[in-house]
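Worksheet: one structure, shown below.
The values are calculated or read from the model by the stated rules, or taken from the named source; none is laboratory data. Bear in mind that the values here come from a model prediction, so they are computed numbers and not experimental data. Neighbour counts are summed over all protein chains in view; Cβ atoms, including those assigned to glycine, are modelled from backbone coordinates with ideal geometry. Heavy atoms of the whole protein, side chains included, go into the accessibility calculation; ligands, DNA and RNA do not. Shrake-Rupley method; radii C 1.70, N 1.55, O 1.52, S 1.80 Å.
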Amino acid sequence: MHPHVLWSATYLFPNLYGGNVNKRFKKITALLAVTSFYTATMLASAASAPRLADTLAQDLDIDAVVSSISRTSTNVGKAALKNILSQGPTSLEAAKRGQATVKAIVEDEELRSRLSSLFESAKSSEENASELLRVLGCKDSMLGFDSTLPGINWKCFKHTSPGWTDFCRGTKTIGTPLAAAGQVLTAVAMDNLKLIVGVVIGYAIAKGAGLKNLSEGLKVGKAVAKDAYEQKKHIINPILITTTVLATAGILISHIFNEKRLFASDKKLFDLTKALCKLSDYAKDLASELEEHKSLAWLADDVRNYFSEDGENSIKEQIEGILEIAQTKTYKQDVPAYVSRMGRVRAVYARFKKIRPEIEKLVSFLGNVEAHLSMAKLMKEHEGQQNVTGSTTEFSFIDFIENAEQPELQLKDAWHPVVPQSEAVTNDIHLGSGAGFNGMMISGANKGGKSVAMKLVGLAAGLIGPAFGIAPASSARMTFFDTVRTSLNVSDNIATGESKHLAECRRAIECVETAKASSKDKFALLILDELFSGTEPKPAEALVCAFGKSIAQQPNTLCLLSSHYPRVKQLESMTNGQFKNFCVEITHDANGELVFPYKLTRGTTNINIAIDVLQRDLKQRKEQSRSEQSQSEQSCSEENKSSASDFDKIIEDARGMVA
């Protein structure tokens, strides 16, 4: 065997050739196992590994978790909750700070009510505000949704700046040529009176202050015309009157059509800027509210100077200017009118654009506060809740063990929040210094609950716990884990050419490196479901055993490992009890139907229900086909019946092979 292969195997799995593994097993599997692992290691080293926090969030089904536990009113709050959870473990101080924040909101009903009311109010402004923020360049991951912006021509505002034609409709450039046209038309009629009227009308439009000034201009023109008519009646003739009417009508129609086009964009911009002004105002109120609560004040650290009277911040005046404009009549109305001063709207937009990074911080601030509020509401909602069996399905504050020399994790009545609360089955999980062992080897058939139990541990120690200091259990006690690594839901990657086995090898290497790097002040937690299931059983079985023995030698690492391979159950003896065997049992009722208790118990199990599960699903398909009533459905039923008959033969043949 190549010396580099032997060296790699000895480094990663020093006990592969020693311990209690019998000689015959070594001879059959060692060469295959080490060669397979070495080859995969070389390839995995060249592959680009995803960020640790991203892998953890993906393996623990972050989207499903957020959908289940979120109690937010706004999309921004829900997005913030996901972003906070996706960061994974950061520090014990951050976990305790998040816990103190949630606890303060839980214990203060009045504060919880005020914050809930504020975010309910903000919800009505959120969609329009988020649309404008997306135009300004904010990320969708922060805003929590993707949307389009119909009915608005953003090119109109490309060069907008705070000082550009404030308080006007922007019709100055259009009014000037219309004024010239009026002069030409009236000059053709050679009438001084009508020339004056045309100039007045054109001038009114040229000033570009909207229909209000146009109307005033027409009134002036009418007064001049009436005075001239009284004094110089002989000048008036049908030709002059017709010319004047046509000139005035042309100018007026052109102006109205242009205003209608601009108004559609202005109205949309009005809605968006008004909503963002309201959101900024909510942020100001919220920052003021949090200042009164010591445990919550840290949430406003990034935005405190934006509103503080003595704060030194470059955007303070900009935000104050925006909020000042938001108090004018232009923004007091629900819908802008033709006479609204839309220059204010454009000025607000330009100011928002100028301070976009700071506005992002305001939105992030709102989201982070609501994320903590959401967790407080979640805890209150589950107080005293029980499932159908009477077990408690609550959330509790984690008792973090500080200054510990070795890691420990203890959860009582732990349950996974993605499972409906009434149906959730609770389990007690304890490993580490207080339990006397650092690893759990979990066996059992598919659909028995192995993966759910492992994921809820990851959720408590790797996502919700480090972020908010809470866990889905009646009580939780643990050390803080600086690193939580997982190998769950592993699949191949066609784009990078990474097979499933290669991906599993990469995860295994990362776990071994993490375990070796753990120390008395930096604990690690590893969670691996059906490791090395993507290759041949014999070498895979050897690799799992060697992996477990290697991890068992690291006193500052806890590990949950599951496998279907029979020999892996010997890890308890191979590691002198550092790994303990646990299992999920599955039984049959009096009618022969499968029963899933979903309970984690000490010991091992050899039950295999792969064929039974297929047969059960086939039976359900048959029952569904028989319930079809329409002719077309009956046709489909015939097809299902035929395929079901074929699968009956497959099941019968498979049982014969197993026997």
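Annotations
- Listed pairs Lys103/Lys353; Lys447/Lys549; Lys599/Lys619; Lys516/Lys569; Lys96/Lys516 exceeding 30 Å between Cα atoms: Lys103/Lys353
- Rolling a 1.4 angstrom probe over region 483-571 with all protein chains present gives an accessible area of which 48% lies on carbon and sulfur atoms.
- The label-point distance for Asn606 and Ala100, in a model that sets each label 7 Å from Cα toward Cβ, rounds to 5.6 nm.
- Cβ-Cβ FRET estimate between Lys599 and Ser288, R0 fixed at 35 Å, reported to 0.05: 0.10
- Per-residue packing, averaged as other Cβ atoms within 10 Å, sorts the ranges 594-603, 472-481 into the order 472-481, 594-603, beginning with the highest.
- What region 505-553 shows is 31 Å² of accessible area per residue, with the surface traced by a 1.4 Å probe over protein heavy atoms.
- What the Cβ-Cβ distance of Asp589 and Ile650 gives, at R0 = 25 Å and to the nearest 0.05, is a FRET efficiency of 0.50.
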